[in-house]
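Right, one structure below, let's go through it.
The values are calculated or read from the model by the stated rules, or taken from the named source; none is laboratory data. All values reported here derive from a predicted model rather than from experimental measurement. As a convention, Cβ positions derive from the backbone with ideal geometry for all residues, glycine included, and neighbour counts pool all protein chains shown.
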């Protein structure tokens, strides 16, 4: 369906998916992702999570930047915030989520039977 399209003709979400897949094709030991869920619908976010699960289980290391850290919390051990152009000292992710009362996005959604995965 999308094979005949050039990259620039893809939707924002399809470009995001293609970028992640291309990044994983070379089987890197370190994967840097900037806003990996940006432009993705919920089923695509779930699919991305499963891809990243396999990547991490295979020994890969992720570095993520996000405005929605709760979405990919399963991969986060330390959180650094960019505040006024300065990077904060890393904070334990569980403590951060508890202190800021982030909803555990996938736990809540998948527990309710909403996820398609």
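Data overview
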{"read-out": "Some residue of segment 34-47 being touching a strand residue (DSSP E or B) at 6+ places or on another chain (Cβ under 6 Å) and in contact (Cβ under 8 Å) with a residue 12 or more places away in the chain", "value": "yes"}
{"read-out": "Answer residue from segment 1-16, given it is over 17 Å from residue 55 (Cβ atoms) and in contact (Cβ under 8 Å) with a residue 24 or more places away in the chain and is nearest to the chain's Cα centre (by Cα) among those", "value": "13"}
{"read-out": "Checklist (1) under 20 Å from residue 7 (Cβ atoms); (2) touching a residue at least 24 places away in the same chain (Cβ under 8 Å) applied to residue 19, failing item", "value": "(2)"}
{"read-out": "Count of segment 17-41 residues which are in a loop (DSSP other than H, G, I, E, B) and farther than 14 Å from residue 65 by Cβ", "value": "7"}
{"read-out": "Which listed residue, of 102, 97, is modelled with pLDDT under 80, assigned to a loop (DSSP other than H, G, I, E, B) and more than 30 Å from residue 7 (Cα to Cα)", "value": "102"}
{"read-out": "Residue ID - nearest to residue 74 (Cα to Cα), chosen from residues in segment 1-16 that are in a loop (DSSP other than H, G, I, E, B) and touching a helix residue (DSSP H, G or I) at 6+ places or on another chain (Cβ under 7 Å)", "value": "10"}
{"read-out": "Filtered residue count, segment 23-49, keeping only those that are closer than 18 Å to residue 61 by Cβ and loosely packed, with under 12 Cβ neighbours inside 10 Å", "value": "6"}
{"read-out": "Of the criteria (1) within 11 Å of the chain's Cα centre (by Cα); (2) outside any helix (DSSP H, G or I); (3) surrounded by 12 or more Cβ atoms within 10 Å (Cβ to Cβ), which one residue 63 fails", "value": "(3)"}
{"read-out": "Verdict on residue 115 being modelled with pLDDT under 85, more than 27 Å from residue 24 (Cα to Cα) and either over 16 Å from the mean Cα position of the chain (by Cα) or in a loop (DSSP other than H, G, I, E, B) (or both)", "value": "no"}
{"read-out": "Residue satisfying all of: in segment 71-90; loosely packed, with under 15 Cβ neighbours inside 10 Å, within 19 Å of the chain's Cα centre (by Cα) and not in a loop (DSSP other than H, G, I, E, B); modelled with the lowest pLDDT among these", "value": "74"}
